[in-house]
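All of the numbers you see were taken from the coordinates with simple rules; none came from a lab. Just so you know, these numbers come straight off a predicted model, no measurement behind them. Cβ coordinates were reconstructed from backbone atoms using ideal geometry, including for glycine residues, and neighbour counts include every protein chain displayed.
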Amino acid sequence: MLIAHLSDLHLSAGPPETAPVRPDVAWIVPLVVADILSLPRLPDVVVVTGDVADGGSDADYALVREVLSPLPVPVLVVPGNHDRRRPMRAAFPQGWAHPEFLLSETVIGRTRFIGLDSQLPGRVEGSLCRERLDWLEERLADPTPAVVLLHHPPFPSGNRDWDATALIEGRGRLEAILRAAPGPLRLLCGHVHQCYHTVWAGRYAAVGGSPAFQYALDFEPEGEPPLTDGPVIYSLHHLHSDGVAVHPRAVPVPPRPDL
Ligand SMILES: [Fe+2]
């Protein structure tokens, strides 16, 4: 099983709503798609952990589908704080499991991909209510390998400002559910626009990089790090017969015209 994890595309048919989004993002995401297509082996699945669109209009999601259409493999998405549930549900018919929340469970090979919806409409922060966590707990009672997809990271980043806008509700129970789950699982997130990896709740966990804008390395405990126009980072997770390897990919992109 080979999984390509990217996040936070922030594509928009009109001018971006979010200030740091590269104005040329619709030309940057195809460079990442081209890199995936150039791999010695195509991934079995591409996962995008939220903020797929920047404004969340029907036209935004049409653009997302167009930009990702060269990928001849399943593409799984979860909503971020910039997405809108109704148009996203229509644009990505990936077997949504709930009439309101964009929850999904997709089996590819012998791995289950469990998509969570951490939206708190109108807010940057994320939440997992009891209903969503009950659903997750039921899914994870099955011991077959699972990959949990979630936009807002529940684990600390080392920056208090980022963590204050991450998953602010449901974190404690999510940790208990992941710890108690009987099968192997990993947690893939987005939201932070910087690719990093950790262990949380006893599980491998990661944040995916973003083609829309990325923050430079900065280990200050507070404040927003400076933007960088360095290469776009995404990760390849190779689940093989002897274990797991995570390979970072760095995609060269043109300098930002606005930095
Ligand atoms: Fe984002």
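Worth pointing out:
- Across the range 138-217, Cα-Cα distances exceeding 22 Å account for 24% of all pairs.
- Gained length - residue 228 relative to residue 24, 0.36 nm times residue gap less alpha-carbon distance: 72.0 nm
- FRET E, pair residue 58, residue 31, Förster distance 25 Å, beta-carbon r, rounded to 0.05: 0.50
- Of the chymotrypsin sites (Phe, Trp or Tyr not before Pro) found in the range 168-259, those in coil by DSSP whose Cβ has at most 13 other Cβ atoms within 10 Å are 219.
- A crude spin-label estimate for the pair residue 164 and residue 17, with each label 7 Å from Cα along the Cβ direction, gives 2.3 nm.
- In range of the label at residue 240: residues from the range 23-61 whose backbone nitrogen is under 16 Å from the point 7 Å along Cα→Cβ: 40-44
- For the range 97-147 versus the range 20-34, the inter-centroid distance based on Cα atoms is 28 Å.
- The slack between residue 39 and residue 217, meaning 0.36 nm per residue of separation minus the straight C-alpha distance, is 61.4 nm.
- Cleavage-rule hits, trypsin sites (Lys or Arg not before Pro), the range 67-170, DSSP coil, Cβ neighbours within 10 Å at most 15: 110, 123
- Radius of gyration, Dmax [the chain; alpha carbons; angstrom]: 16.9, 49
- Put a dot 7 Å past the Cα of residue 138, heading toward its Cβ, do the same for residue 108, and the two dots end up 2.5 nm apart.
- Helical runs (DSSP H, four residues minimum) scored at -39500 (n - 2.57) apiece and divided by the length of the chain put the mean residue ellipticity at 222 nm at -6500 deg cm²/dmol.
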